[in-house]
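Structure first, commentary second.
The values are calculated or read from the model by the stated rules, or taken from the named source; none is laboratory data. Since we're looking at a predicted model, the values are computed, not measured. Note that we place each Cβ from the backbone using ideal geometry, even for glycine, and neighbour counts take in every protein chain shown. In case anyone asks, the SASA skips ligands and DNA or RNA and just uses the protein heavy atoms, side chains included. Shrake-Rupley method; radii C 1.70, N 1.55, O 1.52, S 1.80 Å.
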Amino acid sequence: MPLTRRQIYRRRRIAVGIALLLVITGIVYTSTTLTAAVPATAATVTQPAAITEPAVQLAWPGYGRGAIGAVGFDGVLGSYGDQSAAPMASITKVVTALVILDAKPIPATEEGPSITYTDADVDIYYDEVAQGASVAPVRNGLVLSEKQSLAMMLLPSAGNYSISLATWAYGSVDDYLAAAGAWLTAHRLTGTKVVDTSGLDDGSASTPTDLVALAKLANADATVSSIVSQPTAEIPGVGTIENTDKLLGRAGVDGIKTGTNDNAGACLMFSADYTVGSHTITVVGVVLGGKDMGDHSVLNQSVATLLASAVPGFHDVPLVKAGDRFAEYSSEWGDGVTAVAAENASALTWSDTPITSKAVARPVQTVDAGDQLGTLTFTVGSDTTTVKLVAKGSIEDPGALWRLGHPGELAG
């Protein structure tokens, strides 16, 4: 039976509707497929190889007690003997110098204020002579700068100048001692106590650990470090004074302070500079003798031997080279990228300090050459070094043909 006109129109409308629906669906599919996010590509990460260095064997003296450290390294690097507090003799004058400079700081390259010495200072001189302390000349009317006065205290280890300077800076020795106690607390030198300005009294005592920290503070002070590095100094109105540290200039030593008394024996707080790779290392330390150990010539040889054994313990360790590969990407449409270290990195290490490392690379969709893809982190003791991982190559959009053929792999 032939279709009526109404049936024909109805069928035509249905056909047109279906065709229109197919066109709209095609447009939506194509539009969605061409604009949807492509799938993320995860990295295959290669972790850095473990880095280890040999442990150093330090040649400690066969007497006394001591410790060493290095500027830029936390705490002590090694110690031997009894680590409790012991008399530190004239090393006490390093505390005196730093506490005086805390009250009367001297700008870099300057001499500080002038100090006029009086009969009271001459009396201090004779009192110290009577006690068997080390002294240096002083006279009524002598005028020295603060820095020159500190040199008189530190180089020939003049106990009379330690008292005169403390009185000048704080008004009295008692007020100085109160300030010194507060200064020690503020710098966390809890194992150190001073009961005089010079160390003649055995109550002025410290631990090897504290004295390593004190040596770092002395090294960081431009005035103190410039004074103690001098073998001699010319002092107006006094003449040439000599440094009691006869190890100075040998074995890399450039300071810091000797100490000697009957109970402490020969003592030395030292600093020495060495070149390790591209770094300059300042090693600091102390040896406290014990009353039967011998004289300073024995001590100096022991310290030189100790330092010679310590230097090989520092390592300039290459961690990574620019361009080293740590991750690979391979996209589903065939593009590939490598994640490489953006720069060289190295670390200065001590002995067998552990070095751990971890590479992390993020998933990506598209990548341009040079984009950061992750990080490479090295942990050396308590320090970390982070290097960027960047793209070598690129991952481009796969294009319409791949998109239209892989709708199920596109992100919604």
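Scanning segment 249-266 for residues that are open to solvent by 10 Å² or more (accessible area, probe 1.4 Å) and free of Cβ contacts under 8 Å to residues at least 40 places away in the same chain yields a count of 3. Against the criterion of being within 27 Å of the chain's Cα centre (by Cα), at pLDDT below 95 and either among the charged types (D, E, K, R) or within 22 Å of Trp60 (Cβ to Cβ) (or both), Asp295 does not qualify.
Based on what the data block shows, is Ala103 open to solvent by 10 Å² or more (accessible area, probe 1.4 Å), modelled with pLDDT of 95 or more and within 18 Å of Ser204 (Cβ to Cβ)?
Values: open to solvent by 10 Å² or more (accessible area, probe 1.4 Å): yes; modelled with pLDDT of 95 or more: yes; within 18 Å of Ser204 (Cβ to Cβ): no.
The answer is no for Ala103.
The condition (being open to solvent by less than 30 Å² (accessible area, probe 1.4 Å) and not in a helix (DSSP H, G or I)) is satisfied by just one residue among Ala133, Ala169, Ala108: Ala133.
For the condition open to solvent by 10 Å² or more (accessible area, probe 1.4 Å), at pLDDT 95 or above and more than 20 Å from Ile235 (Cα to Cα), what is the one hit in Ser84, Ser114? The conditions single out Ser84. For Val173, indicate whether it is more than 27 Å from the chain's Cα centre (by Cα), β-branched (Val, Ile, Thr), closer than 24 Å to Ile68 by Cα and at pLDDT 95 or above. Spelling it out, it is not the case that Val173 is more than 27 Å from the chain's Cα centre (by Cα), β-branched (Val, Ile, Thr), closer than 24 Å to Ile68 by Cα and at pLDDT 95 or above. The listed residues are Ala342, Ala391, and the only one of them that is more than 19 Å from His279 (Cβ to Cβ), open to solvent by less than 40 Å² (accessible area, probe 1.4 Å), in contact (Cβ under 8 Å) with a residue 24 or more places away in the chain and not aromatic (Phe, Trp, Tyr) turns out to be Ala391. For segment 52-82, a residue qualifies if it is touching a residue at least 24 places away in the same chain (Cβ under 8 Å) and acidic (Asp, Glu), and the qualifying residues are Glu53, Asp74. Restricted to segment 316-375, and to residues there that are among the polar types (S, T, N, Q) and in contact with a Lys or Arg (Cβ under 8 Å, 6 or more places away or on another chain), the residue that is nearest to Val283 (Cα to Cα) is Asn344.
Listed conditions (1) open to solvent by less than 50 Å² (accessible area, probe 1.4 Å); (2) modelled with pLDDT of 90 or more; (3) in a loop (DSSP other than H, G, I, E, B); (4) touching a helix residue (DSSP H, G or I) at 6+ places or on another chain (Cβ under 9 Å) are all met by Phe73, apart from (4).
Every listed requirement among (1) of a type in the set (S, T, N, Q); (2) surrounded by fewer than 23 Cβ atoms within 10 Å (Cβ to Cβ); (3) in contact with a helix residue (DSSP H, G or I) (Cβ under 6 Å, 6 or more places away or on another chain) is met by Ser198 save one, (2). Selection of strands (runs of 3 or more DSSP E) fully inside segment 269-381 by the criterion of at least 1 residues being over 30 Å from Ala49 (Cβ atoms) returns 279-288.
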